[in-house]
Amino acid sequence: MKRWILRKNAKSIDDLIQEEVAIPEPKTGEVRIKNFAVSLNFRDIVVMKGTKGMSITRDIIPCSDGAGEIDALGDGVKNWKVGDKVVTQCYRGWTDGKITANIDLGLGSNEVDGTLSEFFIVKSDQIISAPKTLNYLEASTLPCAGTTAWSAIQGNRPYLFPLQKGEKVLILGTGGVSTMAMAIAVGAGAQVYCTTSQENKIETLKSMGIKDVINYRLDKHWGDTIYKKTQGVDLVVNTVGLAAINSSIRALNFGGRMSIVGAMDDTTEAFTESYLMMRKNNILFGVLTASTEAFKDYIHFLDEKKIKPYIQQIYDFNNAKEAFKTASYSKNLGKIVIRINHQL
């Protein structure tokens, strides 16, 4: 079989190489997945570049997201059968409830090999039944970006402040997490707004159900603009990071909340709106994908609402390097997916 390897101490796309090896055999408690699709995430680019504490000290198979069918079972696996259609769960050790220190570093990390392979091995509790309404390419987008979007919108299970129909939501950016959050919020009946720096995206975004789009490069006071348009949004999905904190607080309604999803821009700037945040009684919460049970809730929601993820581009398995290059761009709209060479 073919697989891609990210060499230890990787710093760039040049450290991603393809090799051919024997198909691996699952050990006790493991399953082998015949892989059909892999989607790429900002996290995978971070690992490739060795930044944000995600450097690797050994050769690894990269990527956390895979969709395929179970091809073989290791000893002791009772809850799955050969042929089951599944998707991966990015992090292991978080079944339900609050996140704990027991969570691992996730698939495609220094700790656990990932999915960029024609076949791959995972623990039997690190897969979930795939949605009935999505094909393999679509399903592959769910494990990292999809679950992150779900938790960013609904709050971390047990959902202390889930999105309500009619609420106003501001989503920053148009990458994988952002577009999946848009689909969830629109599907839940919210009024959805978003920011972008590219005028050519606006009509596409509106066709996806977005009520209004603000170009944050043309409007440096976009937080105030959103507040005036909406009288304050109930939720901001902040996929940008620290650089967008102040403007996001200015966009929030009294009693509004903000999910901190990404760290794409760690620009250090003074936190000037702490008093405004307290005056508005805003809630800020961090998001790291979702627990297994929350992932199941998300899949049920997708099947019920028949929601499809927005895929920008699909690459062949042999062109994985090109897929990584595209995923590294900041101007993407939606997900980048790699199709494995099996018949789809």
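Annotation: of all residues in segment 135-170 being within 17 Å of GLN191 (Cα to Cα) and of a type in the set (S, T, N, Q), the one that is farthest from the chain's Cα centre (by Cα) is GLN164. Residues that are farther than 11 Å from VAL122 by Cα and of a type in the set (Gly, Ala, Ser) were ranked within segment 20-40; the one that is nearest to the chain's Cα centre (by Cα) is SER39.
Evaluated against (1) out of contact with any Asp or Glu (no Cβ under 9 Å at 6 or more places or on another chain); (2) closer than 22 Å to VAL47 by Cβ; (3) free of Cβ contacts under 8 Å to residues at least 40 places away in the same chain, TYR315 falls short on exactly one condition, (1).
Determine, yes or no, whether GLN191 is at pLDDT 95 or above and more than 30 Å from ARG92 (Cβ to Cβ). Judged against the criteria, GLN191 is a match.
Only one of the numbered conditions (1) assigned to a loop (DSSP other than H, G, I, E, B); (2) surrounded by fewer than 24 Cβ atoms within 10 Å (Cβ to Cβ) is not met by ILE128, and that is (1).
The set of residues in segment 244-273 being small (Gly, Ala, Ser), at pLDDT below 95 and open to solvent by 30 Å² or more (accessible area, probe 1.4 Å) consists of ALA263, ALA270. Out of VAL38, VAL46, VAL31, VAL21, one residue alone is modelled with pLDDT under 95 and hydrophobic (A, V, I, L, M, F, W, C). It is VAL46.
Considering only segment 213-220, I want to know if a residue exists there that is farther than 27 Å from ASN156 by Cβ, among the β-branched types (Val, Ile, Thr) and modelled with pLDDT under 95. Among the residues of segment 213-220, not one is farther than 27 Å from ASN156 by Cβ, among the β-branched types (Val, Ile, Thr) and modelled with pLDDT under 95, which makes the answer no. Please enumerate the residues belonging to segment 43-67 that are under 17 Å from TYR315 (Cβ atoms) and either in contact with a His (Cβ under 7 Å, 6 or more places away or on another chain) or not in a loop (DSSP other than H, G, I, E, B) (or both). Result: ASP44, ILE45, MET48, ASP65, GLY66, ALA67. Does GLU118 qualify as being over 29 Å from ARG257 (Cα atoms), surrounded by fewer than 22 Cβ atoms within 10 Å (Cβ to Cβ), at pLDDT 95 or above and among the acidic types (Asp, Glu)? Yes.
Residues checked against (1) open to solvent by less than 30 Å² (accessible area, probe 1.4 Å); (2) over 23 Å from ALA327 (Cα atoms):
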{"residue": "LEU163", "(1), (2)": "yes, yes"}
{"residue": "GLY173", "(1), (2)": "yes, no"}
{"residue": "ASN200", "(1), (2)": "no, no"}
{"residue": "GLY209", "(1), (2)": "no, yes"}
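When ALA101, ALA10, ALA72, ALA22 are checked against the criterion of being in a strand (DSSP E or B) and among the small types (Gly, Ala, Ser), ALA72 stands alone in meeting it.
The residues on offer are ASN238, ASN282, and the sole one that is buried (at least 16 other Cβ atoms within 10 Å of the Cβ) and closer than 26 Å to ASP44 by Cα is ASN238. Just wondering, is there one or more residues in segment 10-29 that are over 25 Å from TYR310 (Cβ atoms) and in contact with a Pro (Cβ under 6 Å, 6 or more places away or on another chain)? No - not one qualifying residue is present in segment 10-29. The criterion of being open to solvent by less than 50 Å² (accessible area, probe 1.4 Å) and under 22 Å from the mean Cα position of the chain (by Cα) holds for LEU205.
Residue check: is GLU167 open to solvent by 10 Å² or more (accessible area, probe 1.4 Å), of a type in the set (Asp, Glu), within 30 Å of ARG3 (Cα to Cα) and modelled with pLDDT of 95 or more? Taking the combined requirement at face value, the residue does not satisfy it. Among the residues making up segment 20-50, those that are out of contact with any Asp or Glu (no Cβ under 6 Å at 6 or more places or on another chain) and open to solvent by 60 Å² or more (accessible area, probe 1.4 Å) are GLU20, ALA22, ILE23, GLU25, LYS27, PHE42, LYS49.
Within segment 51-79, restricting attention to residues that are at positive phi and touching a Gly at 6+ places or on another chain (Cβ under 7 Å), the residue that is least open to solvent (accessible area, probe 1.4 Å) is CYS63.
The values are calculated or read from the model by the stated rules, or taken from the named source; none is laboratory data. For clarity, every value in this text was computed on a predicted model and none was experimentally measured. Virtual Cβ from ideal backbone geometry, glycine too; neighbours counted across all protein chains shown. Protein only, heavy atoms only, side chains kept; ligands, DNA and RNA dropped before computing areas. Shrake-Rupley method; radii C 1.70, N 1.55, O 1.52, S 1.80 Å.
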